[in-house]
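Participant: Below you'll find the structure I mean.
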Amino acid sequence: MSMPTRLNKRLLKPINASIEKRLRLNPLETGRITDGVWAVRADAVNFFIIESGDDLICFDTGYRRYLIREELAKINIDRLAVTHVFLTHADVDHTRGLCLFPKAEVYLSRDEKQMITGVRSVRSAVRSPRIRREYHLLEEGDVVRAGDTHIRAIETPGHTPGSMAYLLGGRYLFTGDTCKISDGKIYAGSRYTMDFTRQDASIRKLAGLRDVQYVFTAHAGYTDDFDRAFSEWR
């Protein structure tokens, strides 16, 4: 696929701005958040890269591959150095960039496999492309060692059947589309979720975690005040 022209990029900008306003999306600009943690913006979605020893770990992979390449160049990260990719779910805006990280081990929830093997979401605006490479399936409580840290899998069904949050080193929580943040408080999204009852239960489950320092969402930024963010979900 050819690279978009400057005209196409200019046309996409107001379209994306309109979508973000309508859906209350507020992604972070590409850049460093704290030591060893970067946000990468690809349209209206963020994915996150963490440096751990000699490893680079991605949580999701974003959308629009030409944008991902441009944004990675801004923060001097070599996509070929990424060693692990953890997918929070299989929606296209979280998985389309996967092919840019060919050397990474790929992980996702066992319950999300149905979304990448022919079953499509009932949400007309979102689709889950097939993943045509080796991947590892995770269940609740599974732990993966990466670099100098470990990643714990937390099942958070609702947005999709196999949505999964990840807790890195017991401190950094990556929630994907399970929840969003507004004015420092967690809320459940009102669109494109397949099971709102299960989503609410998943957020309450996350609210029970302890000693979390940062919460990172895919479309609404992050917070470093976990207790305040989840106070209304306990």
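The values are calculated or read from the model by the stated rules, or taken from the named source; none is laboratory data. Bear in mind the structure is a predicted one, so any value in this text is a computation, not a measurement. Using ideal geometry, Cβ is built from the backbone for each residue, glycine included, and neighbour counts are taken over all protein chains shown. Side chains are part of the model used for accessible areas, which takes the heavy atoms of the whole protein and leaves out ligands, DNA and RNA. Shrake-Rupley method; radii C 1.70, N 1.55, O 1.52, S 1.80 Å.
Participant: At a 1.4 Å probe radius, carbon and sulfur cover how many percent of the accessible area of the chain?
Facilitator: 46 percent
Participant: Would you work out the relative contact order for the chain, in percent, from Cα pairs under 8 angstrom that are 6 or more residues apart? Display every interim value, and only then the final one.
Facilitator: Details: 499 pairs, mean separation 34.6, N = 234.
Once divided by the residue count of the chain, the mean separation gives 15 percent.
Participant: State whether region 90-197 is rounded, prolate or oblate according to the following rule on the C-alpha gyration tensor (a ≥ b ≥ c being the square roots of its eigenvalues): a/c under 1.5 gives rounded; otherwise a/b larger than b/c gives prolate, and the remaining case gives oblate. Intermediate values should be presented prior to the final figure.
Facilitator: Values: a/c = 1.70, a/b = 1.07, b/c = 1.59.
Taking the square roots of the gyration eigenvalues as a ≥ b ≥ c, region 90-197 is oblate.
Participant: Sticking with this structure for a sec: Need the full-extension length gain, Arg171 to Arg210, defined as separation in residues times 0.36 nm minus the C-alpha distance. One decimal, nm. Please list the in-between numbers first.
Facilitator: Values: separation 39, 0.36 × 39 = 14.04 nm, distance 0.87 nm.
Taking Arg171 through Arg210 to full extension adds about 13.2 nm, to one decimal.
Participant: How far is it, in nm, from the label point at Gln114 to the one at Asp35 when both lie 7 Å from their Cα along the line to the Cβ?
Facilitator: Once both label points are built, they end up 4.3 nm from each other.
Participant: Based on the Kirkwood radius over alpha-carbon pairs, what is the Stokes-Einstein translational diffusion coefficient of the chain at 25 °C with 0.890 mPa s viscosity, in µm²/s? Intermediate results must be reported in sequence, preceding the final value.
Facilitator: Numbers: Rh = 17.7 Å.
Result for D is 139 µm²/s.
Participant: State the extension gain, in nm to one decimal, for the chain segment bounded by Arg234 and Arg191, taking 0.36 nm per residue of separation less the distance between their alpha-carbons.
Facilitator: On the way: separation 43, 0.36 × 43 = 15.48 nm, distance 2.30 nm.
Between Arg234 and Arg191, full extension yields an extra 13.2 nm.
Participant: Report the one residue of Ala207, Gly189, Gly221 whose Cα lies farthest in the direction of the positive end of the charge dipole of region 179-234 (charges on C-beta: Lys and Arg +1, Asp and Glu -1; origin at the Cα centre).
Facilitator: Positive-end residue among those listed: Gly189.
Participant: How much length is gained on full extension from Cys99 to Asp227, taking 0.36 nm per residue of separation minus their Cα-Cα distance? Mind dumping the intermediate values first?
Facilitator: Numbers: separation 128, 0.36 × 128 = 46.08 nm, distance 3.65 nm.
So the chain would gain 42.4 nm between Cys99 and Asp227.
Participant: Measuring with a 1.4 Å probe in the full set of protein chains, what accessible area per residue, in whole Å², belongs to region 95-213? Can you show the working numbers first?
Facilitator: On the way: 5500 Å² over 119 residues.
Per residue, region 95-213 has an accessible area of 46 Å².
Participant: Please give the calculated 222 nm ellipticity per residue for the chain, where each DSSP H segment of at least 4 residues contributes -39500 (n - 2.57) and the sum is spread over every residue; nearest 500 deg cm²/dmol?
Facilitator: Numbers: 5 runs with 47 residues, N = 234.
Calculated mean residue ellipticity at 222 nm is -6000 deg cm²/dmol.
Participant: Just to be sure I understand: of the beta bridges DSSP finds with both ends in the chain, what percent are antiparallel, rounded to 5?
Facilitator: Around 70 percent antiparallel, to the nearest 5.
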